[in-house]
Amino acid sequence: MRYFLKLSYNGERFHGWQSQPNAVSVQQTIEEALSVVTRLPIAITGAGRTDAGVHARVMYAHFDIDTPIEDKRRFLLSMNRLAGRDIAFSDLIPVHDDAHARFDATERSYKYFVTFRKTPFLYPFAWQSPSPLDIDRMNEAARILLSTDDFTSFAKLHSDTKTNICDVREAVWNTVGNDAAQLPGLLEDGIVFTITADRFLRNMVRAVVGTLVEVGRGKLSVEGFRDIISRQDRCSAGTSMPGNALFLWDVKYPYITG
């Protein structure tokens with residue numbers, strides 16, 4: 001049997017999604033909990049690999065087990081108890097045997113939160129901008145992403161990615177608005193960047209946001225942003241933003257609704 005786990009996590013205490021030696025990861029924590037609940041060694045595959053400090057409002061991971069899980073409610077209760085306070089499991093979904101949490105995802109959305117006031121209650125979830133940002137100019141530049149294919153300028157150097165081609169379907173800055181309901185305590189004067197694509201390169205969203213912030217500060221023109229993309233050179237783009245304000249917001253599959 002193959003199952004999808006639907007979960008969310010606060011990434012502040014983790015060194016990213018992927019298991020690694022001498023560091024606590026989300027993947028490792030889930031696999032350890034699964035092994036206790038099922039009394040079997042269980043490996044999982046996630047929909048993506050978030051970096052250290054990055055959060056997920058929605059994440060999916062798949063795993064295989066020989067014996068069907070009959071009591072979903074009890075399984076989820078056990079997993080939530082064992083995984084600790086920073087990971088929450090909300091659903092267990094039986095899927096067909098070749099369903100894949102990473103390769104079958106048709107769309108992923110990320111959000112990056114920005115606040116303009118210092119507060120000790122928001123720093124794990126939002127980046128504090130030291131100066132005002134021109135949201136109209138940032139949106140003018142962001143619209144260029146919708147007609148861009150090659151995102152080499154925003155890709156992490158020396159990665160093992162075979163292609164830097166992505167289909168970005170949404171890229172927009174808004175006031176926080178209704179998203180604040182998902183993150184209690186977000187200030188009403190905050191802004192949020194939403195980007196949706198079929199796939200993302202490693203470090204891509206944080207590099208895109210960092211470069212758009214340069215546009216918002218007036219240090220980079222909209223045409224300069226376009227030129228950075230055409231150069232296909234990561235060294236031309238802006239700095240990578242801190243991971244604490246980034247959320248994997250949603251992941252879509254053709255066979256999962258809701």
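We did not get these values from a lab; they are worked out from the coordinates using the rules stated. This one's a predicted model, so the numbers in the text were calculated from it and none came from an experiment. Glycine gets a Cβ as well: all are built from the backbone with ideal geometry, and neighbour counts include every protein chain shown.
After finding the eigenvalues of the alpha carbon gyration tensor for the range 62-120, what semi-axes result from the square roots of 5 times each, listed largest first in whole Å?
Its equivalent ellipsoid spans semi-axes of 31, 20, 8 Å.
Helix-only estimate, please: 222 nm mean residue ellipticity of the chain, summing -39500 (n - 2.57) across DSSP H runs of length 4 or more and dividing by its residues, to the nearest 500.
The per-residue figure over the chain is -6500 deg cm²/dmol.
When a footprinting reagent is the concern and you count Cβ atoms within 10 Å, what order do 31, 140 take, fewest first?
In order of increasing Cβ crowding within 10 Å: 140, 31.
How high is the relative contact order of the chain, in percent, counting Cα pairs under 8 Å that sit 6 or more residues apart?
25 percent
Is the C-alpha gyration tensor of the range 98-247 telling us rounded, prolate or oblate? Criteria: a/c under 1.5 is rounded; beyond that, a/b larger than b/c is prolate, otherwise oblate.
oblate
Restricting to lysines 8 or more places apart or on different chains, can you count the pairs in the chain with Cα atoms under 26 Å from each other?
Lysine pair count for the chain: 12.
Looking at the chain only, what percent of DSSP beta bridges run antiparallel? Nearest 5 please.
If I count the DSSP bridges inside the chain, around 90 percent turn out antiparallel.
With +1 on each Lys and Arg Cβ and -1 on each Asp and Glu Cβ, how big is the dipole of the chain about its Cα centre, in debye rounded to the nearest 20?
It comes to approximately 520 debye.
Using the number of other C-beta atoms within 10 angstrom as an exposure proxy, rank 219, 72, 6 with the fewest first.
Fewest-to-most Cβ neighbours within 10 Å comes out as 219, 72, 6.
Please compute the length gained on full extension between residue 70 and residue 231, using 0.36 nm multiplied by the number of residues separating them and subtracting their Cα-Cα distance.
Full-extension gain reported as 52.5 nm.
Treating only the Cβ atoms of Lys and Arg (+1) and Asp and Glu (-1) as charged, compute the dipole magnitude of the range 2-95 about its Cα centre; round to the nearest 20 debye.
Roughly 220 debye for the range 2-95.
Mind giving me the nanometre distance, one decimal, between the label points for residue 52 and residue 250, set 7 Å out from Cα along Cα→Cβ?
So the label points at residue 52 and residue 250 sit 3.2 nm apart.
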